[in-house]
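Engineer: My structure is below; once you've seen it, I'll send some questions.
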Amino acid sequence: MSKSLQAIRGMNDILPEQTPLWRYFEGTVARLLDNYGYKQIRMPIVEFTELFKRSIGEVTDIVEKEMYTFEDRNGDSLTLRPEGTAACVRAVLEHGLTGAGQPQKLWYIGPMFRHERPQKGRYRQFHQIGLEVFNIDGPDIDAELIVLTWRLWGLLGIRDAVKLELNSLGTSESRGRYKVALVEYLSAHLHKLDEDSQRRLKTNPLRVLDTKNADTQAVLVNAPKMADYLDDESRIHFEGLKARLDAAGIPFLINTKLVRGLDYYSKTVFEWVTDKLGAQGTVCAGGRYDGLVEQMGGKPTTGVGFAMGIERLILLLETLEKVPEEISRQVDVYLCAFGEAAELAALALSEKVRDQLPNLRLQVNAGAGSFKSQFKKADKSGALYALILGDDELAQQVIGFKPLRGQGEQQNIAFDALAAHLATCVVQG
Ligand code: ATP
Ligand code: MG
């Protein structure tokens, strides 16, 4: 195929054989979030570039090198969103959703765009489900975010494969004091740091903590610890969160090197990680960002949220073979009709059945075909039952009902009794 007819590298089609798993996953999350009282918000995919520069931070990986930025016909600089928080905060401010200190529990789903090196679990268009909570400042809501993800892992059957890592970055004051101490220590060991860390020491020193470089990691062993710099407010908040996770029976690991890639976090940060996906092990990550709304021009408004990577969770479900069998079957009943008169009757009958059983997944054969070819299609559709309508059946106003997966004998059912019969043998979602 010529190059111009291929998808862009790192931007994937989600093919029909994969969409049932995506819909199962997305449906499970949506139901869970409804149950916890979160409301969905939908933002545009493109925003002014300035929004991301101001919220994510100029010296982050995303803004420095990962954004898809272009000029539109008006000469405005626009960017395909690399994450959801910035746009969500923008929308909340623009529509006054957090005015007068009003709490908001919101969630979103959709594609995000980052120009990264594509590999397993890392793409240039990927999908996130994210939550953002505004104007609730206690550790109870931090805990709720974690508790509901823990429940989600339970529903999906992947609890054993993920671990919770937790840290506190403190308030901006305590983080400021810690930064000074860290920079002082690292500067004294400057020649032992890798090149990237030397650069980050000047631009975003906390990011040195999550370096992958072994030499730099060795230097970090004796570096000052954030935990020793937390002020009372941050410490009490963090203790409150830990107590709640203990009460909910959720195991966690304190990782003092966890700083997260984005500039705007404060106090709680967390990641759910798995060792089943190789290098791309973080499936869900988030934290508190109490200063962000104000930084973006709003009144002081606390915030906390997370985003999960759908592709990585789908990969995890597949790797662990936790894909429920029933989701791949998309047809309950397949109707075969032979000849014009039978086709007309089949259409009328099937629409009547749909009136009575709105959730029945009934596929009516299209494109005519011999008995053999229609039967083959019925079998291949995955249907549990075939319905057979030819001239003989039509004359008697009955339809042949044939189990395709070995549950019982073929029988004739009167047209009028068909819906009631199907209701007894097909479990309807
Ligand atoms: P990573 O360290 O893996 O680059 P990140 O810190 O950049 O992740 P976040 O911005 O916190 O990621 O996004 C939240 C989640 O979105 C990640 O934990 C991951 O599951 C998913 N994610 C991020 N970038 C990608 C990507 N390029 N492809 C697929 N999923 C991604
Ligand atoms: Mg990244």
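Engineer: Does the range 265-283 contain any residue that is crowded, with 19+ Cβ neighbours inside 10 Å, under 17 Å from Gly176 (Cα atoms), within 11 Å of ligand 1 (Cβ to nearest atom) and at pLDDT below 95?
Structural biologist: The answer is yes; a qualifying residue exists.
Engineer: Being touching a Leu at 6+ places or on another chain (Cβ under 6 Å) and among the basic types (Lys, Arg) is the filter here, so list the residues in the range 217-268 that pass it.
Structural biologist: Passing the criteria: only Lys257.
For (1) more than 16 Å from ligand 1 (Cβ to nearest atom); (2) of a type in the set (Asp, Glu); (3) modelled with pLDDT of 95 or more, each residue gets a yes or a no:
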site: Gly10; (1), (2), (3): no, no, yes
site: Asp13; (1), (2), (3): no, yes, yes
site: Ala30; (1), (2), (3): yes, no, yes
site: Ile41; (1), (2), (3): yes, no, yes
site: Ile56; (1), (2), (3): no, no, no
site: Lys65; (1), (2), (3): no, no, no
site: Glu71; (1), (2), (3): yes, yes, yes
site: Asn74; (1), (2), (3): yes, no, yes
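Engineer: Just one of (1) of a type outside the set (Asp, Glu); (2) at pLDDT below 95; (3) in contact with a strand residue (DSSP E or B) (Cβ under 7 Å, 6 or more places away or on another chain) trips up Lys257, so point out which.
Structural biologist: (3)
Engineer: Shifting gears a bit: Any idea which of Gly176, Gly138 is modelled with pLDDT of 95 or more and either touching a His at 6+ places or on another chain (Cβ under 6 Å) or more than 16 Å from ligand 2 (Cβ to nearest atom) (or both)?
Structural biologist: Details: Gly176 fails: modelled with pLDDT of 95 or more.
From the options Gly176, Gly138, the qualifying one is Gly138.
Engineer: So, of the residues in the range 100-122 that are assigned to a strand (DSSP E or B) and among the polar types (S, T, N, Q), which turns out to be nearest to ligand 2 (Cβ to nearest atom)? Let's see the steps before the verdict.
Structural biologist: Of the residues in the range 100-122, the ones assigned to a strand (DSSP E or B) are 104-113, 119, 122.
From the residues that got through so far, the ones that are among the polar types (S, T, N, Q) too are 104, 119.
Numbers: Gln104: 26, Gln119: 12 Å.
Looking at the filtered set, the residue picked out is Gln119.
Engineer: Out of the range 76-107, which residues are within 16 Å of ligand 1 (Cβ to nearest atom) and closer than 17 Å to Met296 by Cβ? Outline the logic, then answer.
Structural biologist: To start, the set of residues in the range 76-107 that are within 16 Å of ligand 1 (Cβ to nearest atom) comprises 79-89, 107.
Within the range 76-107, Thr79, Arg81, Pro82, Glu83, Gly84, Thr85, Ala86, Ala87, Cys88, Val89 meet the criteria.
Engineer: Continuing with the same structure: Within the set of pairs 6 or more residues apart or between chains, which connect a residue that is assigned by TED's automatic domain parsing to the domain that holds Arg260 and of a type in the set (A, V, I, L, M, F, W, C) inside the range 275-293 to a residue that is assigned to a loop (DSSP other than H, G, I, E, B) and away from ligand 2 (no atom under 14 Å from the Cβ) with Cβ atoms less than 7 Å apart?
Structural biologist: As it stands, the answer is Leu292/Tyr264; Val293/Thr301, since those pairs meet every condition given.
Engineer: Same structure again: Within the range 337-356, is there a residue that is part of a loop (DSSP other than H, G, I, E, B), out of contact with any Ser or Thr (no Cβ under 9 Å at 6 or more places or on another chain) and surrounded by fewer than 15 Cβ atoms within 10 Å (Cβ to Cβ)?
Structural biologist: Yes, the range 337-356 has at least one match.
The values are calculated or read from the model by the stated rules, or taken from the named source; none is laboratory data. Computed from a predicted model, the values in this text were never measured in an experiment. Neighbour counts are summed over all protein chains in view; Cβ atoms, including those assigned to glycine, are modelled from backbone coordinates with ideal geometry.
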